[in-house]
Each structure stands twice: as structure tokens, then as C-alpha cells.
Amino acid sequence: METMDQMLLSGWCNVLSSVPPSYVQLPEDRPVGKVFSSSSREIPMVDLGRHDRGDIIKQILKASKEYGFFQVTNHGVSKDLIDETLNILKEFHAMPSKEKVNECFKDPNRNCKIYTSRNNDKPYEILIWKDTLTHPCPPSGEYVEYWPQKPTKYREVVGKYTSELNKLALEILELLGEGLELDNGYFCGALSENPSISVNHYPPCPDPSLTLGVPIHKDPSIITILLQDEEVQQGLQVLKDGQWIGVEPIPHVFVVNIGLLLQIITNGRLVAAEHRVVTNSSRARTSVAYLMYPSSECIIEPAQAFINGSPSATYKPMSFGEFRAKYLLKGYKQIEEELHIN
Ligand code: OGA
Ligand code: NI
């Protein structure tokens, strides 16, 4: 039985000259079709520093409805903090596999962990080209005792970053809530109680036309705020009207996307966009996803405001704990179908 440090992709893939068969995607899933690239600017850009709140809300809602994605500038998170965070997280993934695993084995409940895809439990599944460090990061500071302590400033820097991202996520949710005419503070409390960070690391791949960093999916979050490695142009792609759009990184700009939970809460008024990650052959890419998650007990269902009158509720209620377990087991399409009321 392999141990996690032996499994981590970054520990052994650098000597490969071809892609191992277990990582080769089915022909129909391979990222070989046309991609509308050099168009990161196509994904709407919203300047959060402007004074016209009504206009900001309008732009965010329009982008959320049309793309399920938007980018934000003047978001209040300092450039220095963004750079420092990305550097520390890249340093983390550059550590030897054994050390990374050691830093991530402190949590008995395995909420804080490093993992990679391996088909021990799902032998039919195709593996993906990525290692991920993930842990909860609620503003309460709970779980910090299980976070990595290497690089030495990890907890200090990631603590500051996630606390800033929490404010930003709540601000964006407040704007969305206002635009959707939900009660003030609708997303505060249980719906945003358990945010989490995922630090994805995609090593260079011998043949990016055969692999995926992440296959097509919708996020199991309310919203996700993504920071992209500005040194790597190719990575995130968003599906819109049957076309893949490459979202190239713009320094210090965040990419925000609507998650499947918000699609359910809005009774389908907002739709979570499908997206994927492609690999590249020259450089390792790191991305940092801040995922807004509810508490496990929180019931996910369409807000009352959207089921008065027609159309009535389109989705069945389910606790977030159950939703998350099903999402992991079955994937986004099946859970969306299961929750959908015909
Ligand atoms: C994800 C995701 C995008 C990226 O973690 O859900 O879509 O660029 N990541 O890593
Ligand atoms: Ni995603």
C-alpha cells in the first residue's frame, strides 16, 4: 500500500516523459477543442472600489446570470498580502512530499489534509493532474492548530489572507443578496459559517492534451473566490454556451464564481457555471480557492423569496453535510439531478 507522500504527484511526475495511462482522459473529455483564449477580459470585470453601489450590484448580477463568473478589482485585499500568500503557498508545495504530509497530519478528523487523486477506492475513475492542500479557515480561528507550520510564516500569512477573503466574500454576498432582494445579512450566519481554502498545485505535464487538472464541474460552495498564479497563462477554463473560455490571470485580480449551493438557494435564478482546469507542459501552476461553505447542519433550499408564487421550489431541501458527502461520492451532475424537482 502506497503512503500519501509516495502518491503525491509532484513527488514523482517530474521524471516522466509520457502520461501514465491511469491519467489519460477519455477522448471526449480531453482539452483539445477550440478554446477562446487571450480573452480573460471577456469574463466581466467589476470594480468594487466605485461609489455607485447600485451599479456594482447590477454588474455583478448581470455577470452572475450570464457567465456564473466575474472578476473583481479594487477589492480591498492588499497586493502585498496577495503576493506574500501566493509565495508561501508555492513554497509549501515545493517542499519534499514527506514534509508536506507531516504538516498535514495533525487533524484527527482529517478536515485539514493534503491529497491527490488515486484510484484505490474508485478504480474506474480517471486520475487528475493535481495535488491539493485544504483546510477550513473560519474567522473564529477554529482549526488553526491543525494548519501547517511550515513554511514558518504559513499560519500568520494564511490567517491574514483568509480573514481578508472572508470580509470580501461576505461583501460580495451582501451585494448579490441586495440585487436579489433578499433580507439584509441573508448569507451571514450558518450559510457562511465554515469557509475553507483549497491550494491546488498542478505540476508540469508531459502531454497536456491528454490530461486535466480538474475535470468539468460546478463548485459545491455558495461562492468561490479564486486567486490564480500570474506566471502561468493556461489553467482555468469556463464553459459558456458550449464554448470553453480560457481565464488568464490578471495580477491581483480575483475570479469569483457562483457555486451550486447559490444556484439552489436562488431557485435557479443564478446558475453555477461549469468549469475545468487544463495542465501545461512548462511550469507548475498554483491556484488558491476560497470556498464559502455553510455549517454541516445548515439546510440548503430555495429562499422563501423565490418560491412565493411561480415558479415554486425547483430543488428539494438537504443538509449541507449530506450534500457534501453526495457531491464527493457522485459528482455535481448527479446531485443536481437528485435535488431537482420535476
Ligand atoms: C476548483 C477550481 C480552478 C483552478 O478548485 O474548484 O475550479 O484554477 N479551481 O485551480
Ligand atoms: Ni471549481
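The values are calculated or read from the model by the stated rules, or taken from the named source; none is laboratory data. Here the structure is a predicted model, which means the values were calculated and not measured. Because the Cβ atoms are built from the backbone with ideal geometry, glycine has one as well, and the counts that use them run over all protein chains shown. Quick note on the areas: whole protein, heavy atoms, side chains included, nothing else; ligands and nucleic acids left out. Shrake-Rupley method; radii C 1.70, N 1.55, O 1.52, S 1.80 Å.
Within the accessible surface of the range 34-339, defined with a 1.4 Å probe on protein heavy atoms only, the carbon and sulfur portion equals 49 percent.
Based on Cα contacts under 8 Å between residues 6+ apart, the range 240-342 shows a relative contact order of 22 percent.
For the range 152-168 and the range 203-224, what is the separation of their Cα centres, given in Å? When both Cα centres are located, 25 Å separates them. Of the listed residues GLU2, GLU28, GLU274, the order by accessible area with a 1.4 Å probe, largest first, is GLU28, GLU2, GLU274. In a simple Cβ point-charge model (Lys, Arg +1; Asp, Glu -1; nothing else charged), the chain has a dipole of about 480 debye relative to its Cα centre. For the chain, the longest principal axis of the Cα atoms and the long axis of helix 154-179 meet at an angle of about 30 degrees. Mean-square fluctuation check for the chain, GNM, Cα pairs under 10 Å: which of GLY242, GLY179, GLY189 is largest? Result: GLY242 has the largest fluctuation of those listed. With a 1.4 Å probe rolled over the protein heavy atoms of all chains, the accessible area of ARG283, ARG30 falls in the order ARG283, ARG30, largest first.
For ASP80 and CYS188, the FRET efficiency from 1/(1 + (r/R0)^6), where r spans their Cβ atoms and R0 equals 35 Å, is about 0.80. Projecting the Cα atoms of CYS112, PRO317, LEU261 onto the charge dipole of the chain (Cβ charges, centred on the Cα centre) puts CYS112 farthest toward the positive pole.
At a probe radius of 1.4 angstrom, the accessible area of the range 183-243 per residue rounds to 34 square angstrom. At a probe radius of 1.4 angstrom, the accessible area of the range 25-143 per residue rounds to 52 square angstrom.
Computing Rg and the Kirkwood Rh from the Cα coordinates of the range 146-258 gives a ratio, Rg/Rh, of 1.00. With respect to the chain, whose longest principal axis is taken over its alpha-carbon atoms, helix 79-94 is tilted by about 40°. On a per residue basis, the range 284-342 carries 51 Å² of accessible surface, using protein heavy atoms and a 1.4 Å probe.
Between ASP55 and ARG110, the C-beta separation translates, for a Förster distance of 45 Å, into a calculated FRET efficiency of about 0.50.
In whole angstrom, the chain maps to an equivalent ellipsoid with semi-axes of 30, 23, 21, each derived as √(5λ) from the alpha carbon gyration tensor and ordered largest first. Summary value for the range 34-339: 21 percent relative contact order, contacts being C-alpha pairs under 8 angstrom separated by 6+ residues. When the pairs LYS153/LYS326; LYS130/LYS150; LYS79/LYS167; LYS167/LYS326 are compared against a 26 Å limit on Cα-Cα distance, LYS153/LYS326; LYS167/LYS326 fall above it. Among residues other than LEU170 with Cβ under 13 Å from its Cβ, the summed charge is -4 (Lys and Arg +1, Asp and Glu -1). Taking 0.36 nm per residue of sequence separation and removing the Cα-Cα distance, the GLU231/ARG155 pair yields an extension gain of 24.9 nm.
For the set CYS188, CYS137, the ranking by accessible area, highest first and with no ligand, DNA or RNA atoms included, is CYS188, CYS137 under a 1.4 Å probe.
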